[in-house]
1. Identify, from the list ALA197, ALA185, the residue that is touching a Phe, Trp or Tyr at 6+ places or on another chain (Cβ under 6 Å), under 30 Å from SER157 (Cα atoms) and either modelled with pLDDT of 95 or more or not aromatic (Phe, Trp, Tyr) (or both).
2. Within segment 207-223, identify whether any single residue is of a type in the set (A, V, I, L, M, F, W, C), assigned to a helix (DSSP H, G or I) and within 16 Å of the chain's Cα centre (by Cα), and answer yes or no.
3. Restricting attention to helices (runs of 4 or more DSSP H) lying wholly within segment 26-114, give those where 1 or more residues are away from the ligand (no atom under 16 Å from the Cβ) and closer than 23 Å to ALA238 by Cβ.
4. Considering each residue of segment 78-104, count those that are touching a helix residue (DSSP H, G or I) at 6+ places or on another chain (Cβ under 7 Å) and not hydrophobic (A, V, I, L, M, F, W, C), and give that number.
5. Is there a residue being among the β-branched types (Val, Ile, Thr), surrounded by fewer than 19 Cβ atoms within 10 Å (Cβ to Cβ) and either within 24 Å of ASN108 (Cβ to Cβ) or within 16 Å of the ligand (Cβ to nearest atom) (or both) anywhere in segment 213-221?
6. Do we have ALA7 as within 24 Å of MET84 (Cα to Cα) and in contact with a Phe, Trp or Tyr (Cβ under 7 Å, 6 or more places away or on another chain) here?
7. Looking at GLY57, GLY78, which one is under 22 Å from PHE245 (Cβ atoms) and surrounded by fewer than 16 Cβ atoms within 10 Å (Cβ to Cβ)?
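The values are calculated or read from the model by the stated rules, or taken from the named source; none is laboratory data. Remember, it's a predicted structure, so these values are computed and weren't measured experimentally. Cβ sites come from the backbone with ideal geometry, for glycine too, and all protein chains shown count toward neighbours.
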Amino acid sequence: MRKQIAAANWKMNLTLQQGEQLLNDIMAMPHTLAHHQQVIFAVPSPYLQMAQLKIQGKQNVFIAAQNCYSKKSGAYTGEVSVEMLNSLGINFVVLGHSERREYFHENNQLLAEKVNICLEHAITPIFCCGEALAIREENKQNEFVSHQLKESLFHLSAEQIQQIVIAYEPIWAIGTGKTATSEQAQEMHAHIRHSLAEQYGTEVAGKISILYGGSVKAGNAGELFHQPDVDGGLVGGASLVASEFIAIINALK
Ligand code: 13P
């Protein structure tokens, strides 16, 4: 079975102390993860080391950065490099979140460069894609998402693409409380898997985890994760509340 993943994206929230407390509370949960299940916390950069220490020795629990830069090192004030992440033992990074695309003007080409440097350094990108409301209203979401994948990922080899986790996050569902229905999520996830299969074959496509993100909560995670092509979630707001996120972890297949 491909990996089923509950990923928390804290975004730019919480103080160090609040983050520590949240991790303590979630780590105290009685649930043990099956070998095909993973929990990932994407925390703000200043908290990466604290978080990495907190999850030490925990099976199938990982820390992710929320971004990294496309260059190895140098005069890029304020940026975080993959070598820095390597030196902290961080194995995952969220790339191409719609908030980074919108507010920091990240485009598909830059994201392809970021994907490449991550893979060169054994860091798994959690690659975000997803359409704005206007695109869905025109019923152009499939083409839009295919284009994002093509421009940022489809230069990869079949071996490399299997190192990627994809997160489908429709922009209209992020932070709005307006979750995609489980049918809408399944439809898009099946489309993404079909695009992967066209490019890399069904066997490879069948191994890639595709997460859903956008107003995932304890109350809807079960139904979403139950869909055959939904392999877990990338969770914003609800990941900041221990009991909610624990319930979301428990909803994994
Ligand atoms: P919400 O769960 O707050 O809608 O955020 C989703 C998201 O953007 C996760 O990356």
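1. The match here is ALA185.
2. Yes.
3. Correct list: 48-54.
4. Residues that pass the stated criteria total 3.
5. no
6. Against the criterion (within 24 Å of MET84 (Cα to Cα) and in contact with a Phe, Trp or Tyr (Cβ under 7 Å, 6 or more places away or on another chain)), ALA7 does not qualify.
7. The unique qualifying residue is GLY57.
Here's the yes/no breakdown for (1) within 15 Å of the ligand (Cβ to nearest atom); (2) crowded, with 16+ Cβ neighbours inside 10 Å; (3) among the basic types (Lys, Arg):
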| position | (1), (2), (3) |
| --- | --- |
| SER195 | no, yes, no |
| GLU198 | no, no, no |
| PHE225 | yes, yes, no |
| ASP229 | no, yes, no |
| GLY237 | yes, yes, no |
| ILE246 | no, yes, no |
| ILE249 | yes, yes, no |
